[in-house]
Amino acid sequence: MKRSKKKRAAKAAGKRRTAGRQGAAKKRVTKKRVTAKRAPARKRAAAKKRAPARKRAAAKKRVAARKRAPARKQAAAKKRTPAKKRAPARKPAPAKKPASAKRRSVSPGPSTKRKSAATPLALVRETAPRPGAALAAGAGGSEARDRMLLELIRARTDVLAAIDDLDAAAANRPMDEGKWSVRQVVIHLAARDRARLREMENVLLGHPASWWAYDEDDTNRDNAETVAASDHLSWPEAIEHLRTTRQELLEALESIPDDRAEVWTPEHPFGRMIRRLPEHDLHHAEAIRDWRQAHRL
């Protein structure tokens, strides 16, 4: 009996020890799990604590940078100021004076005249002269040609400005009872350019233009015939015809040799024929503008 009691007591003691070990093991495992769960929360709390400190440090840096900015600007201004003061002390190189003196002393020979005639576009900044007035002084061939080309370009630009934004319906309306429409006026202007292209070669030889002896009736009949010949053109086609015909005329005038200075004078049949074109363009451009203003077009 005693042995059985001792065995039972030993078994009970063993069970208690086993249970104690298991309980201790469970406690350790539970503690590890709790610690593992609490770790992220601790990290977040620590990060929250550090965030304000970082913001404060960044704010302090920005304030310090703002305070230093004026000082940097002042230092940069001080560095630039001596350079500005030293700039007036520089003197031009004395070697340029003899060169400019030589250029001023060159006599205006033939080559010098050719160079001065090559800058006709500078006249665009000046007031436009009366058509043909620039040729009356008997300028050299290339200079007279270039000035004539400039007057033709200006006059045709004035015509294009007068018809700008005019629609086809308005362009086909007669400008007055028994008068042409704007489209027919455009065709007429192109026809006068075409007539000069057709007779240029003959007139350059000194022969007068075929219409030079026309009276008013002959002129009106000739104008009516030339307009009727191209009256089939639409409004866009008439504008394009106006542009291309004047461009062909300008190219033909540019091909005249420089040594033919006499052909540009008012006394020569060619000069007399060409000089009438700018004034003719300006006359019709003004008439179109007046008509559009009267009809609010």
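Read the figures in this text as sums done on the coordinates, not as results from a lab. None of these values were measured; they are calculated from a predicted model. Don't worry about glycine lacking a Cβ; one is built from the backbone with ideal geometry, like all the others, and counts go over all protein chains shown.
Taking 0.36 nm per residue of sequence separation and subtracting the Cα-Cα distance, how much length would be gained by fully extending the chain between Ala229 and Glu286, in nm to one decimal? Please report the intermediate quantities before stating the final value.
Details: separation 57, 0.36 × 57 = 20.52 nm, distance 2.50 nm.
Taking 0.36 nm per residue and subtracting the Cα distance, the gain is 18.0 nm.
Which whole-number percent of Cα pairs in the range 140-293 have a distance greater than 22 Å?
For the range 140-293, the share of Cα pairs beyond 22 Å comes to 42 percent.
With θ taken as phi - 60° and the coefficients 6.51, -1.76 and 1.60, list the Karplus ³J(HN,Hα) couplings across the range 239-249 in order, rounded to whole Hz; mark glycine and proline as x.
5, 5, 4, 5, 5, 5, 5, 5, 5, 4, 5
How much length is gained on full extension from Arg21 to Ile153, taking 0.36 nm per residue of separation minus their Cα-Cα distance?
On the way: separation 132, 0.36 × 132 = 47.52 nm, distance 11.34 nm.
Net length gain for the segment: 36.2 nm.
I need Asp290, Asp158, Asp281 ordered by Cβ neighbour count within 10 Å, fewest first. Each step should come with its number before you reach the end.
Details: Asp290 12, Asp158 18, Asp281 25.
Taking fewest neighbouring Cβ atoms as first place, the list is Asp290, Asp158, Asp281.
If each of Trp211 and Ala13 carries a label point 7 Å out from its Cα toward its Cβ, how far apart are those two points in nm?
14.5
Among Val186, Val63, what is the fewest-to-most ranking by other Cβ atoms within 10 Å?
Details: Val186 28, Val63 10.
Placing the least packed residue first, the sequence is Val63, Val186.
Reachable aspartates and glutamates from Lys61, Cα under 18 Å, same-chain residues fewer than 8 places away excluded?
Straight-line reach from Lys61, under 18 Å: no aspartates and glutamates qualify.
Beyond 18 Å, what share of the Cα-Cα pairs of the range 165-233 is found? Please give it as a whole percent. The partial results should precede the final answer.
Working: 1114 of 2346 pairs.
Across the range 165-233, Cα pairs with separations above 18 Å total 47 percent.
Where does each of Trp264, Trp211, Trp291 land when they are ranked from fewest to most other beta-carbon atoms within 10 angstrom? Show your work: numbers first, answer last.
On the way: Trp264 26, Trp211 14, Trp291 20.
So the ranking, lowest neighbour count to highest, is Trp211, Trp291, Trp264.
Name the residues whose placed amide hydrogens come within less than 5 Å of the amide hydrogen of Ser181, ignoring near sequence neighbours (fewer than 5 apart) on the same chain.
Amide H neighbours of Ser181, under 5 Å, 5+ apart: Met175.
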